[in-house]
Amino acid sequence: MEVPVVSPVLTAAGSSPDPVTFQDAQESATDAAGWVRENWSDWLGVGLRIVMIVVIALVLRQVVRRTITRFIARMNRPGENAATTALGGLLVNAERRRQRSEAIGSVLRSVASFLILGTAALMVLSTFKINLAPLLASAGVAGVAIGFGARNLVTDFLSGVFMILEDQYGVGDTIDAGVASGEVIEVGLRVTKLRGDNGEIWYIRNGEVKRIGNLSQGWATAGVDVTVKADEDLDKVKATLASVAEAMSKEEPWSERLWGPVETLGLDSVLLDSMVVRVAARTMPGQAVAVERELRWRIKHAFDKEGISIVGGMPVSSPAADGSDPEAGVAAPSAYASATSPQSLNASPLPPQTPLQK
């Protein structure tokens, strides 16, 4: 005999509760168990798929980052390995090679992590039967909006990446960026910091740099123009300059700063009362100004010993030297300087006439 089970929920006010039998409860439990039995394999498959995606993404990310790190370490290694790589052959200074390679490695690792983890997140969402089309469309629209709003930031970032990849300048270089010039103290993907000649620090956005003049790469040229009288002996002038160059090339620290002999290039210009002799030398990067100052110093001392006069600028004449009267060039006083002279009286305006008294 079946015992009716009274339901605690009333279907309507004043109505009697619907009896739920034990058989109905048993059937509901059976249906739930069957539904679980039918779908547990799908749930297990989805869970395993998610775990596999996450594990593979993390392992792949670690492998890629380690590969990039090894590649950067190989670039920093001195010797034949660094010289044979595509990027290492362009680098000269070890510290500069390290700084540039670390910046490149940081960018590559960040890009690899973003791509791998982003792809894994989309694959996880797809396992839950989520339609990714609206999500991707929204992301595309948001990306376009952000790109238009932050185009200056994107421009600065891309310019910084190419500046680092192309090795346009590095820390310690003296550059002329157009908007500012000075020594590079920090190279970033968005901003480059320069220290000017007066000690000020310039923050330059990489996207605003249209041209770069690097004064610290390769070599520099030191040039000095020596102006002498037109009647000086050119052979004597050339021999004196040659002795100055030879003595300077044998002394420290100028022997290291000079990367070539100091050459007398010849006459740069010839005037009626003077002529200009051009002297030039190839120097270390950034040492051209110091070499030019030292050359002028030594040339002046050598010319004084040899009796060669250096001319230039406005000629200065001494009155005592030629014996001329310093008042000879003073003009005679004008007749208008005297108030009682006839010229001054004729040139002065007439006084106002007073009315006649009756």
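The values are calculated or read from the model by the stated rules, or taken from the named source; none is laboratory data. Keep in mind the model is a prediction, meaning the values are calculated, not measured. Backbone-built Cβ (ideal geometry, glycine too); neighbour counts: all protein chains shown. Ligands, DNA and RNA are stripped out before the accessible areas are found, and what is left, the full protein with its side chains, is counted by its heavy atoms. Shrake-Rupley method; radii C 1.70, N 1.55, O 1.52, S 1.80 Å.
Computed quantities for the displayed model
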item: Condition check for Asn81: at pLDDT below 80, open to solvent by 50 Å² or more (accessible area, probe 1.4 Å) and within 36 Å of the chain's Cα centre (by Cα); result: yes
item: Exclusive hit being in contact with a Phe, Trp or Tyr (Cβ under 7 Å, 6 or more places away or on another chain) and open to solvent by 90 Å² or more (accessible area, probe 1.4 Å), set Trp219, Trp297; result: Trp219
item: In the range 102-151, the residues that are under 22 Å from Ala57 (Cβ atoms) and basic (Lys, Arg); result: Arg109, Lys129
item: Test: Thr240 is over 33 Å from the mean Cα position of the chain (by Cα) and assigned to a strand (DSSP E or B); result: no
item: Residue list for the range 252-265, restricted to those being open to solvent by less than 50 Å² (accessible area, probe 1.4 Å) and either modelled with pLDDT under 85 or over 18 Å from Asp233 (Cβ atoms) (or both); result: Trp254, Ser255, Leu258, Gly260, Val262
item: Positions within the range 258-267 being over 14 Å from Arg298 (Cβ atoms) and either out of contact with any Phe, Trp or Tyr (no Cβ under 9 Å at 6 or more places or on another chain) or hydrophobic (A, V, I, L, M, F, W, C) (or both), in sequence order; result: Trp259, Pro261, Glu263, Leu265, Gly266, Leu267
item: Matching entry among Leu132, Leu125 (being closer than 26 Å to Trp43 by Cβ and modelled with pLDDT of 80 or more); result: Leu125
item: Residues within the range 111-153 that are open to solvent by less than 70 Å² (accessible area, probe 1.4 Å) and either within 30 Å of Val171 (Cβ to Cβ) or not in a helix (DSSP H, G or I) (or both), tallied; result: 3
item: Residue in the range 169-188 that is free of Cβ contacts under 8 Å to residues at least 12 places away in the same chain and open to solvent by 30 Å² or more (accessible area, probe 1.4 Å) present; result: no
item: Members of the range 182-202 that are over 18 Å from Arg151 (Cβ atoms) and in contact with a Leu (Cβ under 8 Å, 6 or more places away or on another chain); result: Gly182, Glu183, Val184, Ile185, Ile201, Trp202
item: Complete set of residues in the range 243-271 that are touching a residue at least 24 places away in the same chain (Cβ under 8 Å), in a helix (DSSP H, G or I) and under 14 Å from Ala290 (Cα atoms); result: Met248, Trp254, Glu256, Arg257
